[in-house]
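Taking it in order: structure first as structure tokens, then the write-up.
The values are calculated or read from the model by the stated rules, or taken from the named source; none is laboratory data. Since the structure is predicted, the reported quantities are computational estimates derived from the model, not experimental observations. Cβ placement follows ideal geometry from the backbone for every residue including glycine, while neighbour counts extend to all protein chains displayed. These area figures cover heavy atoms from the full protein model, side chains too; ligands, DNA and RNA do not enter into them. Shrake-Rupley method; radii C 1.70, N 1.55, O 1.52, S 1.80 Å.
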Amino acid sequence: SNFRAVSNTQFHDEAINAANAAIQQVISSPFTGDPTAEDINVDLDNDGTTDYIVNIAEPQCIFADAAGEAEASSVGLPPAMTVASNWNTVWDIDATVAPENNAGEAAARVRAGVRVLLTQAQRDTVCP
């Protein structure tokens with residue numbers, strides 16, 4: 001029973017790592033242009049075989065606030081990134097690893113928040 005408990009813990013930890021890897025892949029892409037749900041294949045051990053399939057729910061814009069003028073530490077930013085026509089948006093990224101979609105039959109759900117700077121037109125399109 002100890003071996004089984006350790007195996008279950010290992011598979012659960014791997015499922016969480018797979019979910020985090022999928023979230024990182026999403027936030028590294030221009031996901032705000034067309035936020036859609038997707039399944040991401042994750043190969044944790046880099047052997048060329050999918051270890052986990054992670055379902056990413058459609059990213060949700062949960063908050064938008066007009067970006068203020070540049071702070072003293074942001075003086076080097078381009079003017080387009082410091083004027084009020086830009087918006088600080090906060091997004092919820094929800095990743096789920098279902099037991100039937102992975103080798104270890106472990107389940108995990110990881111949620112992450114990320115802030116993305118959008119123009120007025122982008123915000124009006126994806127974050128009403």
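Observations on the model:
- Segment 25-35, subset of a type in the set (S, T, N, Q) and surrounded by fewer than 13 Cβ atoms within 10 Å (Cβ to Cβ), residue nearest to residue 45 (Cα to Cα): 28
- Top-ranked residue in segment 56-69 [being in a strand (DSSP E or B) and open to solvent by less than 70 Å² (accessible area, probe 1.4 Å); ranked as modelled with the lowest pLDDT]: 66
- Residue count for segment 70-128, restricted to those that are open to solvent by less than 50 Å² (accessible area, probe 1.4 Å), modelled with pLDDT of 95 or more and not β-branched (Val, Ile, Thr): 5.
- Pairs meeting the criteria (first residue in segment 8-33 and within 30 Å of residue 124 (Cβ to Cβ), second residue outside any helix (DSSP H, G or I) and not aliphatic (A, V, I, L, M), beta carbons under 6 Å, at least 6 apart or on different chains) are 31/59.
- Residue within segment 25-33 that is among the β-branched types (Val, Ile, Thr), assigned to a strand (DSSP E or B) and at pLDDT 95 or above present: no
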